[in-house]
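Peer 1: Here it is, the structure, as structure tokens.
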Amino acid sequence: MVRAAKAIQEAGLVGEMAGEVDVTPDWKPVAEKVRWLTGGWDDSVARERYRNRGGRPIKARGRLTGPRTVAAGDETYTARRGIVIATGTEPFIPPIPGLDEVDYWTTHDLIAMQEIPESMIVIGAGSSGAELGWVAAQFGANVTFVEAEDHILPSEEPEAAALVEEAFAVDGIEVRTGARAERVEARDGSVVVTVAGGDELEAERLFVATGRKVDVSGLGLETVGLDGSARFIEVDENLRAADGIWAMGDVTGDALLSLVAVYHSKIVAAEILGQDHPPVRYDAVPRVTFTNPEVGSVGMTEADARAAGRDVVAVVKQLPATFAGMVHWVENGIIKLVADRESGALIGATVAGPKAGDVFGMLNLAVHAGVPLAELQSMLYGFPGLYSAIGEALGAYGRGVTTVVDPEYQGLEVLDTIKP
């Protein structure tokens, strides 16, 4: 979906760079690709694959009945080594008056849609909402975002969010920030959302993208000494919740991302097999929002770092004001680096711009490994690859090269205050 939407925008650049092109968006091949990738939302293929690897899939609702026992359907099963709880999350639906009386979409519904609606209101402009709303807009939907926070992508750096919001405006996408939905109703075949202040927004479809929530009720946690009314399952650094019981993924309440669930899986597998492994850590969790521009980030934002009492410096480099940005015709983008004075290493970084989800990869490694800034500044960068702009932001080429294109950049002086 995202790749198809980007292809539409990329084709539009031909007129500016290399000639003429005429693009007519068509959702049908995208919907067909989604059906193929998801198996038509039928998990039978996945269950068969699991069975062929020696597993035993049981399609029933499971419930703990004791330290090593699980009831599923009419059967009770006893685990020899342990039990893993990986029940994921479900969409969080805010208590907006009237919402339960209209037909609204959640993430699954939008991904499975067969036709693009003429218009759509999106309540919530976090990563998933922003991505999917943007996709719909590229295929012709008139999209309006309603976001209660001060800026879209509330978990990301405000400078990156501002770039995405500006790009949305160019695409004709309306964004209402600091706007809280107060009422929802169906009217003449449309959905009407009333926001604080009394403004009414009307669209064919309503997409509710206000995050996910964990629900541990009904899992029988009480039978193993755990709190069945908790917001999530509390685990230790080995993802152990109780003797012989591990929890992984969203149900732990930590970094609700699919990549984290995959990361958890190897730790849990090592635990069950009695193998050594590093403890779980979340100081370098990568995040990518696939809008245009993309936003790739890792670690702490500047605001989070300061709120945690860290002594940090932060610099922002404009991507168009780099040699790499000029070569690649980058019109908007930033690199933001958050460095800890005490350790002399990056503890957070954000790239917003073309292919940011790939470009920020080296920053992901730098934050994860605690690479000193001096080491990053001594690196050679493959010029003029987009990632080489990170070298310009760090001062890897010296002041001369860095300030030729961007004489107003003060980041090098700021980074110089961190002594190796």
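Peer 1: If you check every pair at least six apart or on different chains, which have Cβ atoms under 7 Å apart with a residue in the stretch 26-47 that is free of Cβ contacts under 8 Å to residues at least 24 places away in the same chain first and a residue that is in a helix (DSSP H, G or I) second?
Peer 2: Final answer for the pair search is G39/V45.
Peer 1: Which of the residues belonging to the stretch 10-44 are surrounded by 10 or more Cβ atoms within 10 Å (Cβ to Cβ) and polar (S, T, N, Q)?
Peer 2: Those that are surrounded by 10 or more Cβ atoms within 10 Å (Cβ to Cβ) and polar (S, T, N, Q): T38, S44.
Peer 1: Look at L201 and say whether it is surrounded by 17 or more Cβ atoms within 10 Å (Cβ to Cβ), modelled with pLDDT of 95 or more and assigned to a loop (DSSP other than H, G, I, E, B).
Peer 2: Judged against the criteria, L201 is not a match.
Peer 1: What are the residue pairs meeting all of these: first residue in the stretch 336-350, first residue in a loop (DSSP other than H, G, I, E, B), second residue surrounded by fewer than 24 Cβ atoms within 10 Å (Cβ to Cβ), Cβ atoms under 6 Å, and 6 or more apart or on different chains?
Peer 2: R341/D311; R341/I418; G344/P372; G344/L373; G344/I418; G344/P420
Peer 1: Go over the candidates G198, G189, G218 one by one and state the one that is outside the structural domain of E166 (by TED's automatic domain parsing), more than 13 Å from I96 (Cβ to Cβ) and of a type outside the set (F, W, Y).
Peer 2: The conditions single out G218.
Peer 1: Out of the residues in the stretch 142-162 that are of a type in the set (A, V, I, L, M) and crowded, with 21+ Cβ neighbours inside 10 Å, which is nearest to T289 (Cα to Cα)?
Peer 2: The residue in question is L153.
Peer 1: Something else: Would you mention how many residues in the stretch 47-81 are in contact with a helix residue (DSSP H, G or I) (Cβ under 6 Å, 6 or more places away or on another chain), under 20 Å from R240 (Cβ atoms) and assigned to a loop (DSSP other than H, G, I, E, B)?
Peer 2: Qualifying residue count for the region: 2.
Peer 1: Taking the conditions exactly as written (closer than 30 Å to A7 by Cβ and crowded, with 21+ Cβ neighbours inside 10 Å), does A339 satisfy them or not?
Peer 2: no
Peer 1: Here is a follow-up. Within the stretch 210-258, which residues are of a type in the set (V, I, T) and part of a loop (DSSP other than H, G, I, E, B)?
Peer 2: Of everything in the stretch 210-258, those that are of a type in the set (V, I, T) and part of a loop (DSSP other than H, G, I, E, B) turn out to be T210, V214, V216, I233, V235.
Peer 1: Scan the stretch 63-99 for residues that are more than 25 Å from L256 (Cβ to Cβ) and either loosely packed, with under 12 Cβ neighbours inside 10 Å or under 23 Å from the mean Cα position of the chain (by Cα) (or both) and report the count.
Peer 2: 6
Peer 1: Let me ask something additional. What number goes with the only condition from (1) within 23 Å of N292 (Cα to Cα); (2) surrounded by fewer than 20 Cβ atoms within 10 Å (Cβ to Cβ); (3) touching a Gly at 6+ places or on another chain (Cβ under 7 Å) that L412 does not pass?
Peer 2: Looking at each condition in turn, L412 falls short on (1).
Condition check ((1) part of a strand (DSSP E or B); (2) in contact (Cβ under 8 Å) with a residue 12 or more places away in the chain; (3) farther than 27 Å from A356 by Cβ) across all residues:
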site	(1), (2), (3)
V146	yes, yes, no
P154	no, yes, no
E159	no, yes, no
A169	no, no, no
G172	no, yes, no
V175	yes, yes, no
R183	yes, yes, yes
T194	yes, yes, yes
L206	yes, yes, yes
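Peer 1: Test of understanding: among V312, V260, which residue is farther than 29 Å from P67 by Cβ and either β-branched (V, I, T) or in the same structural domain as G133 (by TED's automatic domain parsing) (or both)?
Peer 2: V312
Peer 1: Cβ-Cβ under 7 Å, sequence separation 6+ or interchain: first residue in the stretch 54-68 and in the same structural domain as A242 (by TED's automatic domain parsing), partner part of a loop (DSSP other than H, G, I, E, B) and among the acidic types (D, E). Which pairs?
Peer 2: Close Cβ pairs satisfying both conditions: P67/D243.
Peer 1: A follow-up question, please. For residues that are outside any helix (DSSP H, G or I) and under 20 Å from the mean Cα position of the chain (by Cα), scanning just the stretch 100-120, find the one that is surrounded by the fewest Cβ atoms within 10 Å (Cβ to Cβ).
Peer 2: A112
Peer 1: From V280, V298, which residue is of a type in the set (V, I, T), in contact with a helix residue (DSSP H, G or I) (Cβ under 7 Å, 6 or more places away or on another chain), not in a strand (DSSP E or B) and not assigned by TED's automatic domain parsing to the domain that holds V122?
Peer 2: V280
Peer 1: Which of the following residues is closer than 21 Å to F139 by Cβ and either of a type in the set (V, I, T) or in contact with a His (Cβ under 6 Å, 6 or more places away or on another chain) (or both): V21, V45?
Peer 2: Going through V21, V45 in turn, the sole match is V21.
Peer 1: Pull up the stretch 385-409, narrow it to residues that are surrounded by 14 or more Cβ atoms within 10 Å (Cβ to Cβ) and more than 15 Å from I335 (Cβ to Cβ), then point me to the one that is modelled with the highest pLDDT.
Peer 2: For the stretch 385-409, the residue satisfying everything is T403.
Peer 1: Still on this structure, please answer the following. Quick one: which of V30, V34, V14 is more than 17 Å from D109 (Cβ to Cβ) and outside the structural domain of T291 (by TED's automatic domain parsing)?
Peer 2: V14
The values are calculated or read from the model by the stated rules, or taken from the named source; none is laboratory data. In this text, all values refer to a predicted model and were calculated from it rather than measured experimentally. Positions of Cβ are backbone-derived with ideal geometry, glycine not excepted, and every protein chain shown enters the neighbour counts.
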